[in-house]
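Structure record follows, encoded as structure tokens.
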Amino acid sequence: MIVRAGVLYDGTLEPPKRRVDVVIADGSIAEIRAATGECDLEAACVTPGLVNAHAHLEGSGEPDMMGMIQTTTPNQRLLRAVENARKSVKAGVTTIRDVGSSNSIAPDVRDAIVEGRIPGPRMRAAGAVLCMTGGHGWPIGRAVDSPWDGRKAVREQMWIGADCIKMIATGGVLTKGAVPGNAQLTYDELAAAIDEAHRHGLRVAAHAIGTEGIKNALRAGIDSIEHGTMLDDEAMALFKERNVYLVPTLSAPTCILAHLEDGHQPRYIVEKARGLSDMMLANIRRAYENGVRIAGGSDAGTPYNYHEDYAQELELMWSLIGMTPQQALHAATNVAAELVGLHHGIVAVGEPADLLLLTRDAGEDVRAVREPQLVFKNGAIQ
Ligand SMILES: [Zn+2]
């Protein structure tokens with residue numbers, strides 16, 4: 001299969017290549033060469049498939065996600081996760097990391113995709129989030145109340161098939177009573193569970209909004225900070241010193257705040273999101289300008305934040321954080337893929353053929369990724 005690109009963004013920050021053929025064989029990229037002779041498909045623009053490093057497949061954007069978890073059956077949520085996996089990949093998300101699900105839904109969906117039973121992205125899945133008793137995320141959580149219990153919780157997630165771990169370092173927006181600025185799991189609990197996960201080769205992500213919790217997680221050896229809203233100069237230095245990824249999930253508060261008036265979201269969600277949004281913009285922008293590694297992830301599944309809308313996260317990295325369209329593409333392909341750790345998220349020889357074919361130049365306008373003409377995963381049209 002030969003795909004001819006008017007312009008190719010390979011996922012890196014190298015200048016784009018014009019008029020090239022991408023040759024696909026056995027699901028991988030076999031060659032990239034100057035356009036010549038016949039081709040099978042032509043697109044104005046080709047990019048790597050998108051990587052969403054922060055999603056919850058069982059959530060479909062319900063206004064009260066944690067309430068939904070408590071009022072639906074595991075079977076109902078599994079079916080929604082299957083539907084959302086299909087919607088993700090059709091919209092161009094060829095790799096996804098599910099950072100928290102109930103009832104081992106995400107690891108099971110991942111396996112069904114690998115076995116070819118259902119369509120969906122290549123995937124990593126965390127299983128339940130590790131949280132303090134009654135803390136943020138408890139409806140999809142495994143309560144952890146000591147360092148040794150943290151090790152056991154990691155082992156339990158591995159047992160149900162998790163291939164990454166998610167920990168809750170601070171309060172959050174979606175859980176009633178959880179104050180986003182407050183630290184939750186302690187440094188000792190984080191450090192023990194992270195050590196246990198690393199011993200088995202699993203990476204660990206921390207939900208962290210408040211400053212103290214962000215630093216606890218960074219000092220404890222975390223691989224990525226999710227949200228990172230209240231980071232300060234000291235945290236920024238720790239990010240860089242330890243080469244930790246920041247996944248800002250700009251879509252999450254943006255979607256909540258875009259639906260203030262419809263009255264379906266619990267009051268506490270709206271109020272907490274309102275209190276955080278300006279801080280988020282200022283701090284994430286500063287982190288980006290200071291060279292913190294930003295990886296694309298939308299928190300899809302949270303209120304009004306749909307799996308098929310991942311393009312919005314790229315648009316927000318461009319419009320709110322000040323990335324160029326190519327930098328936003330880089331963050332949502334190459335950088336996010338390096339964090340997820342399944343492939344490199346670039347168009348290069350030997351990489352899996354995960355490609356978006358677009359009708360216009362995404363480097364001129366990042367909104368071009370919104371409606372791909374075709375999506376390839378492993379060389380197969382989705
Ligand atoms: Zn999340």
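The values are calculated or read from the model by the stated rules, or taken from the named source; none is laboratory data. This one's a predicted model, so the numbers in the text were calculated from it and none came from an experiment. Don't worry about glycine lacking a Cβ; one is built from the backbone with ideal geometry, like all the others, and counts go over all protein chains shown. Protein only, heavy atoms only, side chains kept; ligands, DNA and RNA dropped before computing areas. Shrake-Rupley method; radii C 1.70, N 1.55, O 1.52, S 1.80 Å.
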Positions within region 221-241 being of a type in the set (Gly, Ala, Ser), within 16 Å of the ligand (Cβ to nearest atom) and either closer than 12 Å to ARG286 by Cα or part of a loop (DSSP other than H, G, I, E, B) (or both), in sequence order: GLY228
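To keep it simple, each residue is scored yes or no on (1) modelled with pLDDT of 95 or more; (2) within 21 Å of ALA126 (Cβ to Cβ); (3) out of contact with any Lys or Arg (no Cβ under 8 Å at 6 or more places or on another chain).
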site	(1), (2), (3)
ALA34	yes, no, no
GLU42	yes, no, no
CYS45	yes, no, no
ALA55	yes, yes, no
GLY59	yes, yes, no
THR71	yes, no, yes
PRO74	yes, yes, yes
ARG77	yes, yes, yes
Among the residues listed as VAL51, VAL89, VAL82, the single one being within 16 Å of the ligand (Cβ to nearest atom) and either over 17 Å from GLN382 (Cβ atoms) or surrounded by 18 or more Cβ atoms within 10 Å (Cβ to Cβ) (or both): VAL51
When residues of region 125-141 are limited to those that are open to solvent by less than 50 Å² (accessible area, probe 1.4 Å) and either acidic (Asp, Glu) or outside any loop (DSSP other than H, G, I, E, B) (or both), the one nearest to VAL179 (Cα to Cα): CYS131
Residues of region 92-121 satisfying the condition of being assigned to a loop (DSSP other than H, G, I, E, B), more than 16 Å from the ligand (Cβ to nearest atom), touching a residue at least 40 places away in the same chain (Cβ under 8 Å) and closer than 21 Å to MET167 by Cα: SER104
Meets criteria (surrounded by 24 or more Cβ atoms within 10 Å (Cβ to Cβ), within 23 Å of LYS87 (Cα to Cα) and away from the ligand (no atom under 16 Å from the Cβ)) for ALA368: no
Those residues of region 12-47 which are on the phi > 0 side of the Ramachandran plot and open to solvent by less than 50 Å² (accessible area, probe 1.4 Å), in sequence order: GLY27
Residue match in region 102-109 (condition: in contact with a Ser or Thr (Cβ under 7 Å, 6 or more places away or on another chain) and open to solvent by 10 Å² or more (accessible area, probe 1.4 Å)): no
Test: residue in region 329-339 that is within 16 Å of the ligand (Cβ to nearest atom) and surrounded by 21 or more Cβ atoms within 10 Å (Cβ to Cβ): yes
